[in-house]
Amino acid sequence: MLRTSFFLLLALALLGSCSEPRQPAVPMDLAQHALIPVPASLTATGSSFALTARTSIYVQAGSEELARTGAYLADKLRPATGFPLQVQNAAQAPGAGHIYLKLDPAAAGLGEEGYELAITESLVTLSAAQPAGVFRGVQTLRQLLPASVDAASPQPGPWNLPSGTIRDVPRFGFRGSMLDVARHFFGVDDVKRYIDLMAYYKLNVLHLHLSDDQGWRIEIKSWPNLTAHGGKTEVGGGEGGFYTQEQYSDLVRYAAERYILIIPEIDMPGHTNSALASYPELNCNGKAPDLYTGTNVGFSTLCTDKEITYKFVDDVVRELAALTPGPYIHLGGDESHATKKEDYIPFVNRVRGIVQQHGKTMIGWDETAQTSVDSTSVVQLWASKEYGLEAVRKGAPLIMSPANRVYLDMQYDSTSRLGLHWAGYIEVDTAYLWDPADLVPGIAEADLLGIEAPLWSETIDSMDDIEYLAFPRLICYAEIAWSPKAGRNWDSFKPRLAAHGPRLRAMEVDFYPSARVPWVQK
Ligand code: TNX
């Protein structure tokens, strides 16, 4: 008897939790919502889904990656909502009131990163062909909730999601940013915060500029003095720093969990004073120069006709390749004004071979287009259209980083408290109003891997400084890289960016409040 009533009660309780009436849905218009990047397609149905204290996040059983993304979503929503948001395994679609993350490998046309987000009054279903797509869709889901959801402490709600369906795929598979951790060093926590902010806008590549004249920032076990000596200072004479191999691996893992690829760069043969100061044998005259804390460029070079130089490059690339699961190693090659052209070209050709021997694809700045590049290496355009065209003629894919459009270290205007202006001033509308496939006649969409926005750090040395220069411009680049070219325009973007002001404030991002954007205040 006791047993029967126990099971009866249990059955009633289960029934109750599934069919308990939900509050009446409020009308909402998905099409009016400020999503960045704007999705490829969207259908609004005029109603809403209420996220409540009873909502769980169900993840299709059997995928560790989905379970991790489910936990990530719960972690992002818990602080502001105060809801428990349990993550549960599901063999099938859950009952009313829940969020369901699932993989559908047959989902035609969603590719690596596309997703479909279907929101009804009773259920939120996020599906993708690959786990990365689910992660990108999770960012859309976050942005559909009120801005206060991104706050670190409990907020009042209510937490309604507008109903409808979003089917979204990226325009480019390479949507990047670069941090220069060499001119000024930034620690692991700063880089992780940058990765989190990139993820919110669906960026997927972080290029780390790990060495330059002013500092060497990655431990290389076979050449320990690179960091012991070469990592000791930075621009302005501060204390510098470097990542141990364990710290670097931690960053690679942290980024990979957000489906962001890390590309390490060791710049050469120029921009190498920190290495030359650490090992006299890398200098043609056998003498180590002093460490350098200024901001000049183009004065240093590895000794291209010494065999030890290639042993050095091979060791560095071998260790980096072993730590880096992604396909690319960036070997710089820019502004090598202290290297004769007849030395530069064979040097770059030889080091490209070293990268390939270690199973990786070499990326070089646009000057490397003068060397024997072909479809097996990548060129990054930053200054020269001619080198960009030369790369395309030789069949090398391009990353577009035109300095006068995407350099995050350019000042917004002449009054900006940080930044340089050698490539011009880049206000927020200038950052948005260009297209990578229209910039250079002769360079077409099919020639591009995608775009990358570099942040050089001569003038910045704190996370606040990073945020001030990167935001809101990085958001412009995220939309250019993800959203369809057709229909993309400033009049549509401006109010959406304005509506992200409260989101950036909730995340405590110290962004530049451009007067060209009618920022939403609350
Ligand atoms: C040019 S971009 C450089 C960097 C500087 C940057 C400053 C490139 C490949 N080289 O060394 O930091 O300008 O904006």
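At-a-glance table
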read-out: Residues satisfying the stated conditions in the stretch 374-388, i.e. part of a loop (DSSP other than H, G, I, E, B), touching a strand residue (DSSP E or B) at 6+ places or on another chain (Cβ under 8 Å) and under 15 Å from Y328 (Cα atoms); value: T376, S377
read-out: Residues that are of a type outside the set (D, E), at positive phi and touching a strand residue (DSSP E or B) at 6+ places or on another chain (Cβ under 9 Å), drawn from the stretch 314-367; value: G332, G333
read-out: Subset tally (residues that are among the hydrophobic types (A, V, I, L, M, F, W, C) and either within 15 Å of the ligand (Cβ to nearest atom) or within 24 Å of the chain's Cα centre (by Cα) (or both)) for the stretch 380-394; value: 4
read-out: Number of positions in the stretch 399-438 that are part of a loop (DSSP other than H, G, I, E, B) and either aromatic (F, W, Y) or within 16 Å of the ligand (Cβ to nearest atom) (or both); value: 17
read-out: Pair list, Cβ under 7 Å, 6 or more apart: the stretch 355-384 residue touching a residue at least 24 places away in the same chain (Cβ under 8 Å) and farther than 18 Å from L323 by Cβ, other residue basic (K, R) and assigned to a helix (DSSP H, G or I); value: S377/R352
read-out: Odd one out for D438 among (1) without any contact (Cβ under 8 Å) to a residue 40 or more places away in the chain; (2) surrounded by 15 or more Cβ atoms within 10 Å (Cβ to Cβ); value: (2)
read-out: Close pairs from the stretch 28-48: first on the phi > 0 side of the Ramachandran plot and assigned to a loop (DSSP other than H, G, I, E, B), partner surrounded by fewer than 16 Cβ atoms within 10 Å (Cβ to Cβ) and modelled with pLDDT of 95 or more, Cβ under 8 Å, at least 6 apart; value: none
read-out: Any hit, the stretch 56-77, residues being closer than 21 Å to N160 by Cα, assigned to a strand (DSSP E or B), at pLDDT 95 or above and out of contact with any helix residue (DSSP H, G or I) (no Cβ under 9 Å at 6 or more places or on another chain); value: no
read-out: The stretch 453-468, residues that are within 11 Å of the ligand (Cβ to nearest atom) and outside any loop (DSSP other than H, G, I, E, B); value: P454, L455
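Table: residues versus (1) closer than 28 Å to R54 by Cβ; (2) in contact with a strand residue (DSSP E or B) (Cβ under 8 Å, 6 or more places away or on another chain); (3) not in a strand (DSSP E or B).
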site	(1), (2), (3)
P156	yes, no, yes
R175	no, yes, no
H184	no, no, yes
K202	no, yes, yes
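The values are calculated or read from the model by the stated rules, or taken from the named source; none is laboratory data. Only a predicted model underlies this, so the values are computations on that prediction, with no experimental measurement involved. Heads up, the Cβs are rebuilt from the backbone with ideal geometry, glycines too, and the neighbour counts pull from every protein chain shown.
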